[in-house]
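Comments concern the structure below.
What follows draws every value from the coordinates through simple rules; no lab data is involved. Keep in mind the model is a prediction, meaning the values are calculated, not measured. Here Cβ is always computed from backbone atoms with ideal geometry, including for glycine, and neighbour counts include all displayed protein chains.
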Amino acid sequence: MARYTGPSCRLCRRERQKLYLKGERCYTDKCAIDRRGYPPGQHGQGRKKASNYAMQLREKQKTKRYYGLLESQFRKTFERAAKLEGITGENLLRLLELRLDNVVYRLGFAASRKEARQLVRHGHFLVNGKKVNIPSYTVSVGDQIKVKEKSFSSPKFKDIREGGPTVPKWLEANFENLEGRVVSLPSREDIDIPIAEHLIVELYSR
């Protein structure tokens, strides 16, 4: 499958804000946004005021990069969101949050969504007792996500068992047992990513 393999920090600079694509590095003074907070390229510091279309496109690109999706994946997710009852933009963010790789990241079992996607692909997680290695798998309320017992000895997960970060209120985590559960659907207030989802809806409605 095609995947962006260039510098992650370049994507953050293009969107002019931290996308937290490199985990702990994003919280240090090595972060590219803190050092060069302007878009890459020779014209990065001299861009003109963006048009409405440009703002809509940038918002879509930013959201894609936050969650690590390709264009076709993102459009399919939007089409699913548009068919659901409720506000399309909020439905879109909810579907993105319920991806297995994002849930693994939100539970604190990975330092970034990119790392979470890799861990899922390598088969480290069980969903309701069954191995799932598809990052885009959509979890449901009541689903249990657990690290496979064979992976407990990994240095990565040994550190997590000593304690992890605070998880969103729509999730609960047991770090000692390396497991988590989806207790409710995420509301718009639970999603702390600075995204203006209405711009994405406007873009796809053109």
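For the stretch 151-186, the residues whose amide N sits under 11 Å from a probe point set 7 Å from the Cα of Val141 along the beta carbon direction are 183-186.
Using a simple spin-label model with pseudo-atoms 7 Å out from Cα toward Cβ, Phe152 and Ile87 lie 4.3 nm apart. Anything over 24 Å Cα to Cα? Flag those among Lys131/Lys158; Lys64/Lys150; Lys60/Lys114; Lys114/Lys156; Lys62/Lys158, in the order listed. Result: Lys64/Lys150; Lys62/Lys158 exceed 24 Å.
Calculated FRET efficiency, Ser205 and Ile134, Cβ-Cβ r, R0 35 Å, to nearest 0.05? That pair, Ser205 with Ile134, gives E of 0.75. Would you please classify the overall shape of the stretch 104-182 from the alpha carbon gyration tensor, given that a ≥ b ≥ c denote the square roots of the eigenvalues, rounded means a/c under 1.5, and beyond that prolate means a/b larger than b/c while oblate covers the rest? Rounded.
Computed extension length for Asp192-Arg121: 23.0 nm, one decimal, from 0.36 nm per residue of separation with the Cα-Cα distance subtracted. If a spin label sat at a point 7 angstrom from the Cα of Lys169 along the line to its beta carbon, the backbone N atoms of the stretch 184-205 nearer than 19 Å would be those of 184-194. R0 = 45 Å: FRET efficiency of Glu162 with Ser184, Cβ-based, nearest 0.05? FRET efficiency, Glu162 to Ser184: 0.95.
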